[in-house]
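The values are calculated or read from the model by the stated rules, or taken from the named source; none is laboratory data. Please read all numbers here as calculations on a predicted model, not as lab measurements. Don't worry about glycine lacking a Cβ; one is built from the backbone with ideal geometry, like all the others, and counts go over all protein chains shown. Protein only, heavy atoms only, side chains kept; ligands, DNA and RNA dropped before computing areas. Shrake-Rupley method; radii C 1.70, N 1.55, O 1.52, S 1.80 Å.
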Amino acid sequence: MRTRALGWLAGLALLAGLAVAFGYAPREAAQGNVQRIMYLHVPSILTAYLAFGLVLLGSIGYLATRGKAWDRLAASAAELGVLFTGVTIVTGSIWGKPTWGTWWTWDARLTSTAVLFLVYTGYLLLRGMVDEPERRGRYAAVVGIVGAANIPIVHFSVKWWRALHQPSTILGPEPSPIAAPIATALLVNWVAFTLLFVYFLARRIEIARLDDGAVDA
Amino acid sequence: MTAYGRRAWIVLWKDLLTERRSKESLNALFFFSLLLLFLFQFALGPDRERLQAALPGLLWLGFVLAGLLGLGRVFIAERDNDCWEGLLLTPGDKSAIYLGKLLANFVLMTVVEVVLVGLFGVFYNVDLWGVLGPLAVVLFLGTVGLSAVGTLFAAMTAQVRARELLFPVLLLPVQVPVLLATVSATQIVLGGQPLAEAASWLKLLAGADVVYLVIGLLTFEFILDA
């Protein structure tokens, strides 16, 4: 019941987010209306990072306690993390085409996000290929920890990799500080996405719990 | 020698001895590396300048591909001969086994890399003598990173169906930073610049190596667990 209420709340927040993104936030001067995709793009990646943080938490928790709830948390968060990273990449592509003139470029942030997507897709593939729940939990936890520890390493390597090739960033001059209405719209959407994520997570964990119960029985 | 070091040494010695007598991995890996050289050549065409420009990337692609075949096999002997229990029954800290396997992997990879570098020098007509020292530093740091994660994931995937598929799918994304750093550093080194030019890459590699090693040592017992 509480989960359902959370779902409604998330839905309302998303509607509010849309309203603010289209109604309240001003039309961006340089890019025009296409800039509004930022209100999906930025909250998705923030949510994805939250999800991968929870994967790390669940992984460590599982190895330390062997409690199945930890494993369910890690697994569910990983699925959602991949989902939201996917949303980030797709919205970024759609945003990039009209503004940069290309769907994809090997920019530092794009590349590291894509690597993140691949690492956790591998995590999900591993989970799919190990049948015993206990072993699956252990193996996945190790990959979850390696993946999380790798995030900063990926970040710096990709950043320098691009920096060496092209000193000035393709995004042009430093973006000016975000205007207040845009920041507000971003914040509303971020809260909405986080609520949506928590709702999805609760549902996914519930399914995983029922799944485990069905296997045990 | 402490008991811990001795256990690691025994695993290393056993693996190297088995490899020396059977030559199972090395023979195939040498041949595979040679094949790779030909394939790269066919893919890029005969233009010498293009090949040399792509050389750092090709070199590491070769190592990584050979590594995928070699590293993935390190626990296969234990699995196929039902010796997994033997590993499990080893007294004391299980990370000693990881260390031994890691070193065995490292030795194997290094041998393959040395041969591959030589072949590259001959077939692509690059003078590598002058840069051998700096190149060795890059090779060392990159190989440690590759083996550290490779050994960990190999132990994991040895027990999983579709091992051949899962091992690269898990290892390659994690190794992206190592690949970027080694290719960039190799490019600097092959360009004749001093090693100091690649310092930031080498530091990144060293940092990554330490992170991977620590995680490997800490989590290996959870993988070995029956």
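If you take the Cα Rg of segment B:13-125 and divide it by 2.2 N^0.38 Å, with N the number of residues, what do you get?
Segment B:13-125 yields a ratio of 1.29.
To the nearest 100 Å², how much accessible surface do chains A and B cover up together, summed over both, with a 1.4 Å probe?
In total, this chain pair buries about 2700 Å².
Quick check of the Kirkwood formula: for the protein assembly as shown, what is the inverse mean of 1/r over all pairs of different Cα atoms, in Å?
Evaluated on the protein assembly as shown, it is 24.0 Å.
For chain A, list log₁₀ I(q)/I(0) at each q in 0.12, 0.18 Å⁻¹, using the Debye formula over Cα point scatterers of equal strength and ignoring solvent, two decimals each.
-0.73, -1.29
What distance in nm separates the two pseudo spin-label positions at B:Val214 and A:Gln31, each 7 Å out from Cα along the beta-carbon direction?
Calculated label separation equals 3.7 nm.
Hey, what do the phi angles of segment A:188-203 turn into as Karplus ³J(HN,Hα) couplings, whole Hz, using 6.51/-1.76/1.60 and θ = phi - 60°, x for Gly and Pro?
Coupling constants for segment A:188-203: 4, 5, 5, 4, 4, 5, 5, 4, 4, 4, 4, 5, 4, 4, 4, 5 Hz.
Could you tell me how many degrees, from 0 to 90 and to the nearest 10, lie between the Cα long axis of helix A:108-129 and the main elongation axis, the longest principal axis, of the Cα atoms of chain A?
20
Pairs on different chains or at least eight residues apart, Cα atoms closer than 18 Å: how many lysine pairs in chain B fit?
4
Which whole-Hz ³J(HN,Hα) couplings does segment A:60-65 yield from phi under the Karplus relation 6.51 cos²θ - 1.76 cosθ + 1.60, θ = phi - 60°, glycine and proline marked x?
So the J values, rounded to whole Hz, are 5, x, 5, 5, 6, 10.
Would you tell me the accessible area of A:Asp131, worked out with a 1.4 angstrom probe on the heavy atoms of the protein chains, in Å² to the nearest 10?
Here the residue's solvent-accessible area equals roughly 100 Å².
With each run of n ≥ 4 DSSP H residues scored as -39500 (n - 2.57), what mean residue ellipticity at 222 nm is computed for chain A after dividing by its residue count and rounding to the nearest 500 deg cm²/dmol?
Helix contribution divided over all residues of chain A: -28500 deg cm²/dmol.
Expressed as a whole percentage, what fraction of the accessible surface of segment A:2-216 belongs to carbon and sulfur atoms when a 1.4 Å probe is rolled over the protein heavy atoms?
Percent of accessible area from carbon and sulfur atoms in segment A:2-216: 69.
Ignoring ligands, DNA and RNA, please state the percent of accessible area on segment B:3-224 from carbon and sulfur, probe 1.4 Å.
Whole-percent figure for carbon plus sulfur exposure: 69.
Solvent-accessible area of B:Trp13, probe 1.4 Å, all protein chains present, reported in Å² to the nearest ten, please.
Counting only protein heavy atoms, the figure is 140 Å².
For B:Ala54 and B:Glu24 in one chain, what is 0.36 nm times their gap in residues minus the Cα-Cα distance, to one decimal in nm?
7.7 nm
Given the whole protein assembly as supplied and a 1.4 Å probe, what does the accessible area of B:Phe30 come to in Å², nearest 10?
60
For segment B:139-181, report the accessible area per residue in Å² (1.4 Å probe, heavy atoms, rounded to an integer).
Heavy-atom SASA per residue in segment B:139-181 reads 24 Å².
³J(HN,Hα) across segment B:95-107 via Karplus (A = 6.51, B = -1.76, C = 1.60, θ = phi - 60°), whole Hz, x for Gly/Pro?
Each residue's phi maps through the Karplus curve to give 5, 4, 5, 4, 4, x, 5, 4, 5, 4, 4, 4, 4 Hz.
Go ahead and collect, in residue order, the members of segment B:108-152 whose backbone nitrogen is under 11 Å from a label point 7 Å along the Cα-Cβ direction of B:Leu195.
The answer is B:132-141, whose backbone nitrogens lie closer than 11 Å to the label point.
Averaged across the residues of B:204-215, what count of C-beta atoms belonging to other chains lies within 10 Å of each residue's C-beta?
Shielding by partners across B:204-215 averages 3.
Using a basic spin-label model with each label point 7 Å from the Cα along Cα→Cβ, how many nm lie between A:Thr3 and A:Ala180?
Spacing of the two 7 Å Cα→Cβ label points: 4.2 nm.
Give the aspartates and glutamates reachable from A:Lys159 as a straight Cα distance under 19 Å; neighbours fewer than 8 places away on the same chain don't count.
By straight Cα distance, A:Lys159 reaches A:Asp107, A:Glu174, B:Glu197, B:Asp209.
Return the FRET efficiency for the residue pair A:Tyr24, A:Arg109: r is the Cβ-Cβ distance, R0 is 25 Å, and the value is rounded to the nearest 0.05.
0.40
Would you pull out the residues with amide H under 5 Å of B:Gln175's amide H, same chain only if 5 or more places away, H placed 1.01 Å from N?
Close amide H contacts, sequence-distant or interchain: none at all.
Please report the projected area of segment B:72-226's Cα convex hull averaged over all directions, in nm².
The Cα convex hull of segment B:72-226, projected and averaged over all directions, gives 9.9 nm².
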